[in-house]
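The values are calculated or read from the model by the stated rules, or taken from the named source; none is laboratory data. From a predicted model like this one, the values you see are computed outputs, not experimental measurements. Here the Cβ positions follow ideal geometry from the backbone for every residue, glycine too, while neighbour counts run over all protein chains shown.
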Amino acid sequence: MTPERTDREPLVLPFSQILGQDELKRVLEIAYVMPSVGGVLASGERGTAKSTAVRAFAHMMYGRLPVTLPINATDDRIVGGWQVDALLRGEPKQMKGLLEEADDGLLYVDEVNLLDDHVVNIILDVVSTGLLVVQRDGLDRADIPVSFTLVGTMNPEEGGLRPQLLDRFGLMVSVSTELDIAVRRDILLTVLRFEEERRKEESAWLREGATADRAHRARIVAARTAVDQVVLGTEAAELCALIAVAFGVTGHRGDIVMAEAARAVAALDGRGEVGPQDVKFVAPYALMHRRPEAAYGDAITWEPKDSELLERVAAEAETDERVYGSP
């Protein structure tokens, strides 16, 4: 059950009432349902509501705002260390780091591309292993179980991540400025309505959003429970491999993430087996940052030509007897 909001927590726009962020919202849900995908990287210009969506998702799913990692965080603040004030008094006391504070919640790293590479490596190692090892400054705390949803956001205009780090983020979504006038209008009206309603002691509009969030959360939690029973058949597995090869993806991480994310989509939709539509849906998010061109540091996007190639590969696989058997 989602804990109630305390007076110390600021109101956030309900996740269910966020407009124009369908892709990011769905990818966040996938990462929660299938933690093994390894976190989400959201890339987009300033002012595209990346942070708003992440905070609303954390509040809906965990009942609290995400633990936010500041750009200038020191190693001991990240992994834990000694309380400096206590040390000065001659009283050695250990201090939990942000990674432990994020346990059973969401760790949010804004402007992840501006962090030192070794800090990003530490975080990604914990995400992939589920264990935090602290061996520094006289501390030796090994194999601390830590589990959280990792979400990093970045503005590609301020630089990118090295390919080795990009590859370790499970899913990537490119968040662009909304160009549809009607959607932009509705986004504007929603933001203005939220600012008005949050100042009221009681708001029927926010209560409706909270009710919708509780129902939405229940569906996501049910999908996380059911995902272990979702079957990835030989056909769907081979489609993952075919798509990865077609896009020139090196290594096998992309194939695995694609398969795991497709299982999550099937679970979210209430189905017990992965279909080709699930694989096609998650392919852009699993592969866009793993293609060879991502190594050149350009803005990473999914273009119409990429969608055309994806559809062509999927169509050819459907008619390939080696994949789907004889009609």
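Here are a few things to note about the model shown:
- Taking the criterion of being touching a Gly at 6+ places or on another chain (Cβ under 9 Å) and aromatic (F, W, Y), the only residue of region 14-34 that qualifies is F15.
- Among the residues examined, A262 qualifies as at pLDDT 95 or above and within 22 Å of the chain's Cα centre (by Cα).
- Filtering region 74-132 to residues that are at pLDDT 80 or above and acidic (D, E) leaves E100, E101, D103, D104, D110, E111, D116, D117, D125.
- W302 passes every criterion in (1) surrounded by 20 or more Cβ atoms within 10 Å (Cβ to Cβ); (2) touching a helix residue (DSSP H, G or I) at 6+ places or on another chain (Cβ under 7 Å) apart from (1).
- Some residue of region 233-242 being farther than 20 Å from A317 by Cα and not polar (S, T, N, Q): no
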